[in-house]
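The values are calculated or read from the model by the stated rules, or taken from the named source; none is laboratory data. As the structure is a computational prediction, the values presented were derived from the model and not from experiment. As a convention, Cβ positions derive from the backbone with ideal geometry for all residues, glycine included, and neighbour counts pool all protein chains shown. SASA here: full protein model, heavy atoms, side chains in, ligands and nucleic acids out. Shrake-Rupley method; radii C 1.70, N 1.55, O 1.52, S 1.80 Å.
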Amino acid sequence: MLASIVNILSTWPIPEGTTGVYLASGTTQTCTAQGFFNELGNLATPIYNASLCAYYVLVIRNSWAEDRIRTRAEPWMHIVPIAIAFTIAILGIPFTLYNNSGWLCWIAAYPAKCQDDGTCTRGEHADIFRWVHYAIIWTAILSVTVGMYSIYRKVRHQEALQSQEMDDEVARRGRKSKKVAIQAALFVGALYLTWIFATITRIYQITTGNNNFVLLVLMAIFFPLQGFFNCLIYLRPRYLRCRSRNPDAPVRRLMYLSLYHESHPIHTPPQQDGGQPGETEEDRQRNRRSSSASFYSMGNSKQRASSGGGGVESGVYDDVNTVNAIASVSDYNHSEVRNTAGIGLHDDRATLEAVEEASTTSEAPAVQEMVNKE
């Protein structure tokens, strides 16, 4: 937020009368203030992204409980970004590092190209601090990349264990590694897209002593958009779920719905006579079948897990059963949508019968009796 606000100010805080700078109307003090908050936000943001990635790694890959994270990891997730960002930002004040850097005030030597002949009046050590700045940022970005890849490998490993004990259809339903890979790639890609042009621009300035207009424009466009990119990536799973539930809704409506959590009343259609709000008789029949089949599949998996076959740890089956239960409902709903489109795939009853025939557990009569009663 701080970095975005000072980026909006652009060239205004640069001292008035600076040669070659349009709309420069500030002073040395306003330039220093802009540079300080710019550096503070620029360093804290990617390090906090690394902290967020560390949280996902601890939860998904290492199976840490929330209490353990809260007491042993979360304090450091705040201390490290804040301490590093404030330390570097504060050091920039006594070293007079914050000067005109092209399109705003940041770490730069003054006057321009003064380091060549040693005539700098401000920011003599600017190049050193720039290299430190980008070393910290890209260390955080690479840490996020490694962390996201480790999460993908963990999910992929669980699926491999699952496929050893279950048939291909159940393994297909539990396949989550592709979705995890896409979401992780988008999260990491947003970081790269945000920082690649800024990094190239600053390296160009350090090595040549000049500014490149095209690089400055690309940096000015993409650098402030990291929060926007993260927001889109965060809302993407909601959008996909809304599109699955409302296949005929326009994109604008789906984007609006995705802004609200699934528990919000906006996702609940008007109440019709009997059953759940907005639910037809056909919907109620399908939901009963899908729920029964999901329970049936979970019971079957738990039975096989409890038998100890394959030497797979029972903890893996807990994750697998949860995934299968969710995937079962999703598959039945998508099957119904494809039938409505006239593609002619199996209907819910045929799918349920296939699941029942494949089951060998002692829970089959109980579940069958439950389905018959419904």
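For region 1-38, which positions are of a type outside the set (Val, Ile, Thr) and at pLDDT below 85? Don't jump to the end; show me each part of the working.
Going residue by residue through region 1-38, those that are of a type outside the set (Val, Ile, Thr) are 1-4, 7, 9-10, 12-13, 15-17, 20, 22-26, 29, 31, 33-38.
Met1, Leu2, Ala3, Ser4, Asn7, Gly20, listed by residue number.
Looking only at region 182-197, which residues are closer than 19 Å to Gly41 by Cα and surrounded by fewer than 19 Cβ atoms within 10 Å (Cβ to Cβ)?
The answer is Tyr192, Leu193, Ile196.
This table checks each residue for (1) open to solvent by 60 Å² or more (accessible area, probe 1.4 Å); (2) without any contact (Cβ under 8 Å) to a residue 12 or more places away in the chain; (3) farther than 23 Å from Val6 by Cα.
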| residue | (1), (2), (3) |
| --- | --- |
| Phe213 | yes, yes, no |
| Ile233 | no, no, yes |
| Arg238 | no, no, yes |
| Met255 | yes, no, yes |
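Residues Thr45, Thr30: which one is touching a Pro at 6+ places or on another chain (Cβ under 8 Å), outside any loop (DSSP other than H, G, I, E, B) and not aliphatic (A, V, I, L, M)? Give the steps one after another, and end with the answer.
Working: Thr45 fails: touching a Pro at 6+ places or on another chain (Cβ under 8 Å).
Result: Thr30 is the single residue among Thr45, Thr30 that is touching a Pro at 6+ places or on another chain (Cβ under 8 Å), outside any loop (DSSP other than H, G, I, E, B) and not aliphatic (A, V, I, L, M).
Yes/no matrix, rows are residues, columns are (1) part of a strand (DSSP E or B); (2) in contact with a Phe, Trp or Tyr (Cβ under 6 Å, 6 or more places away or on another chain); (3) more than 30 Å from Gly209 (Cβ to Cβ); (4) modelled with pLDDT of 85 or more:
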| position | (1), (2), (3), (4) |
| --- | --- |
| Trp103 | no, no, no, no |
| Val132 | no, no, no, yes |
| Trp138 | no, no, no, yes |
| Ser143 | no, no, yes, yes |
| His157 | no, no, yes, yes |
| Ala160 | no, no, yes, no |
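How many residues does region 128-149 hold that are within 23 Å of the chain's Cα centre (by Cα) and of a type outside the set (A, V, I, L, M)?
Counting residues in region 128-149 that are within 23 Å of the chain's Cα centre (by Cα) and of a type outside the set (A, V, I, L, M) gives 7.
Checking Gly41 against (1) open to solvent by 80 Å² or more (accessible area, probe 1.4 Å); (2) of a type outside the set (S, T, N, Q); (3) modelled with pLDDT under 95; (4) over 22 Å from Tyr152 (Cα atoms), which single condition isn't satisfied?
Condition not satisfied by Gly41: (1).
Return the residue satisfying two criteria in turn: it lies in region 80-101 and is among the aliphatic types (A, V, I, L, M) and part of a loop (DSSP other than H, G, I, E, B), and of such residues it is most open to solvent (accessible area, probe 1.4 Å).
So the first thing to find is which residues in region 80-101 are among the aliphatic types (A, V, I, L, M), and the list is 80, 82-85, 88-91, 93, 97.
Adding the requirement that they be part of a loop (DSSP other than H, G, I, E, B) leaves 93, 97.
Details: Ile93: 85, Leu97: 1 Å².
Here the residue is Ile93.
How many residues are of a type in the set (A, V, I, L, M) and assigned to a helix (DSSP H, G or I) if we restrict to region 105-128?
2
For region 53-73, enumerate the residues that are in contact with a helix residue (DSSP H, G or I) (Cβ under 8 Å, 6 or more places away or on another chain) and open to solvent by less than 80 Å² (accessible area, probe 1.4 Å).
Across region 53-73, the qualifying residues are Cys53, Ala54, Tyr55, Val57, Leu58, Val59, Ile60, Trp64, Ile69, Ala73.
Looking only at region 125-155, count how many residues are among the small types (Gly, Ala, Ser), open to solvent by 50 Å² or more (accessible area, probe 1.4 Å) and either closer than 18 Å to Phe197 by Cα or free of Cβ contacts under 8 Å to residues at least 40 places away in the same chain (or both).
1
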